[in-house]
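Derivation of every value follows stated rules applied to the coordinates shown; laboratory data play no part. Keep in mind that this is a model prediction, so the values were computed, not measured. Positions of Cβ are generated from backbone atoms using ideal geometry, with glycine treated the same way; all protein chains shown enter the neighbour counts.
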Amino acid sequence: MIFGIDDLPVRDELRGKSPYGAPQLDVPVRLNTNENPYRLPEELVERIAERVREAARDLNRYPDRDAVELRTRLAEYLTDTSGHEVGLANVWAANGSNEVLQQLLQTFGGPGRTAIGFEPSYSMHALISRGTGTGWISGPRNADFTIDVEAAVRAIAEHKPDVVFITTPNNPTGNAVPPETVLALYEAAQAAKPSMVVVDEAYIEFSHGDSLLPLIEGRPQLVVSRTMSKAFGAAGLRLGYLAAHPAVVDAVQLVRLPYHLSAVTQATALAALEHTDTLLKYVEQLKAERDRLVSELRALGFEVVESDANFVQFGRFDDSHAAWQKILDRGVLVRDNGIPGWLRVSAGTPEENDAFLDAVRDLTKEQS
Ligand code: PMP
């Protein structure tokens, strides 16, 4: 008999579960993980190499545990783009926003506590809850994937969760959550517990609307989580961050591992932040391509959820997995999130999007 995972004394709640697993397949057109399709510009690659070379000389030492320079630059970026003054004390950074979310759950969730999200939404909220021993509550959504405010408020009052997740723009559906909804859920969460409300803005730079960052003013239990993985085109860097009341930043210090952000990561992120304008210049192009995908998919007869992100959810398919496979057979990898009838495509370069649209056009021909 082969010794396997089931023979190990793995925690009960992890038994029989699957890890996060978007397929990493080697196909010509990969539009399945909401990455930015553009490679970093050469001038930035050079600047990263320079910064990392400098950092390498001091690798005998631990890095700045508090990442002060990096958090200062992130605070400047947030202030410049949101018009809301954010300082070093409001900002915390970690290895991807997944680690930010994990630290928040380690701090405010944990055994005997619960978190709620409104599904379908980003699957890692539930997975990180499980990984941190936090009970997960799946909250409701309307059929059009907007948050059903009344039902959500009721669910918060009933379950009194310790953490409330709101993803805006939502993944995988793409729609943004109006500020009034976030405020209503925040009020409900304060009345119920009071609980922490985490607004996951991983895709906010692609939105037609503004960041909800200014809402942290006067709301010490509201946290906005952001990432450099999407709009900055730096998914490989692994840099996420949050903005909140300074007390929240103090609280996550209790669970962060010492020196969690390597000197190489900090140097790379600092170089990238020197080139914010160059990196973000693709955002407008991607937004235009996203809008093109929405209108062309609609013209082909698909149902499409209004998107504020760099991806589009489209349907409906009798068998979405079979449709996913047919698109893949034409060399284009999209995402099957397991939502019956729907698939999700990330906005790529114009050529990649053309290849995707050709593939789905073939599908519609087959069906007619
Ligand atoms: N939040 C949402 C809504 C996401 O879709 C993702 C990535 N797919 C993340 C957070 C995590 O991104 P990262 O860890 O790369 O910052």
Quiz prompt | Cut-off 15 Å, label 7 Å out along Cα→Cβ of SER18, residues of the stretch 306-336 by amide N | solution = 320-322, 324-325, 335-336
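Could you please rank LEU222, LEU254, LEU279, placing first whichever residue has the fewest other Cβ atoms within 10 Å of its Cβ?
The fewest-first ordering by Cβ neighbours comes to LEU254, LEU279, LEU222.
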Quiz item: How big is the charge dipole of the stretch 1-74 about its Cα centre, in debye rounded to the nearest 20, if each Lys and Arg gets +1 on its Cβ and each Asp and Glu gets -1 on its Cβ?
Solution: 120 debye
Quiz item: Over all directions, what mean area does the Cα convex hull of the stretch 327-368 project, stated in square nanometres?
Solution: 3.2 nm²
Quiz item: Which lysines have a Cα less than 20 Å from the Cα of LYS287, not counting those fewer than 8 places away in the same chain?
Solution: LYS230
Quiz item: So for the stretch 57-274: antiparallel DSSP bridges make up what percent, rounded to the nearest 5?
Solution: 35 percent
Quiz prompt | Distance in nm between pseudo-label sites at VAL68 and ASN142 (7 Å out along the Cβ direction from Cα) | solution = 4.9 nm
Exercise. Counting other beta carbons within 10 Å of each Cβ, put MET228, MET1 in order, fewest first.
Key: MET1, MET228
Quiz prompt | At most 14 other Cβ within 10 Å, DSSP loop - trypsin sites (Lys or Arg not before Pro), the stretch 13-105 | solution = ARG15, LYS17, ARG39, ARG57, ARG61, ARG65
Quiz item: For the stretch 268-284, in order, what is each residue's ³J(HN,Hα) by Karplus, 6.51 cos²θ - 1.76 cosθ + 1.60 with θ = phi - 60°, in whole Hz (x at glycine and Pro)?
Solution: 5, 5, 5, 4, 4, 5, 5, 10, 3, 4, 5, 5, 7, 5, 6, 4, 4
Self-check item: the stretch 57-274, relative contact order in percent, only Cα pairs under 8 angstrom and at least six apart counted
Solution: 26 percent
Quiz prompt | Order of ASP7, ASP200 - criterion: other Cβ atoms within 10 Å of each residue's Cβ, fewest first | solution = ASP7, ASP200
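At most 16 other Cβ atoms within 10 Å plus a DSSP loop assignment makes a site exposed; report the longest stretch of the chain without any exposed chymotrypsin sites (Phe, Trp or Tyr not before Pro).
Counting at most 16 other Cβ atoms within 10 Å as exposed, the longest clean stretch of the chain is 39-258.
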Practice problem: Quote the charge dipole size of the chain about the Cα centre in Debye, to the nearest 20; the model charges only the Cβ of Lys and Arg (+1) and of Asp and Glu (-1). | Solution: 840 debye
Self-check item: Dipole of the chain [Lys/Arg +1, Asp/Glu -1 at C-beta], most positive-end residue of GLN106, LEU273, GLY209
Solution: GLN106
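Hey, any idea what the orientation-averaged projected area of the convex hull of the stretch 275-345's Cα atoms comes to, in nm²?
That works out to 5.5 nm², a quarter of the Cα hull's surface.
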Exercise. Search the structure for amide H atoms under 5 Å from the amide H of PHE317, placed 1.01 Å from N in the peptide plane, and list their residues when 5 or more places away or on another chain.
Key: GLY341, TRP342
Quiz item: Where does the stretch 57-274 land on Rg/Rh, using Cα atoms and the Kirkwood Rh?
Solution: 0.96
Quiz item: Label-point separation (nm) for GLU150 and ASP329, each offset 7 Å from Cα along Cα-to-Cβ?
Solution: 4.6 nm
Practice problem: Please figure out what share of the DSSP beta bridges in the chain is antiparallel and state it in percent, rounded to the nearest 5. | Solution: 45 percent
Quiz item: Sorted from largest down, what three extents in whole angstroms do the Cα atoms of the chain have along their principal axes?
Solution: 61, 59, 54
Quiz item: For ALA235 and GLU180 in one chain, what is 0.36 nm times their gap in residues minus the Cα-Cα distance, to one decimal in nm?
Solution: 16.7 nm
Quiz prompt | Karplus-derived 3J(HN,Hα), 6.51/-1.76/1.60, for each residue of the stretch 190-200, Hz, glycine and proline x | solution = 5, 5, 7, 10, x, 10, 7, 10, 10, 9, 8
Practice problem: Using θ = phi - 60° and the Karplus relation 6.51 cos²θ - 1.76 cosθ + 1.60, list the HN-Hα couplings for the stretch 307-324 in order, rounded to whole Hz, with x at every Gly or Pro. | Solution: 10, 10, 10, 9, 8, 9, 9, 9, x, 9, 10, 5, 9, 5, 5, 5, 5, 4
Self-check item: Positive-end extreme of charge dipole, the chain - chosen from ALA243, LEU127, ILE48 (charges on Cβ)
Solution: LEU127
Exercise. Starting from the stretch 283-367, pick out the trypsin sites (Lys or Arg not before Pro) whose DSSP state is loop and whose Cβ has at most 15 other Cβ atoms within 10 Å.
Key: ARG316
Quiz item: What is the set of long-range amide H partners of ASN175 at a cut-off below 5 Å, with H atoms built 1.01 Å from backbone N?
Solution: ASN170, ASP308
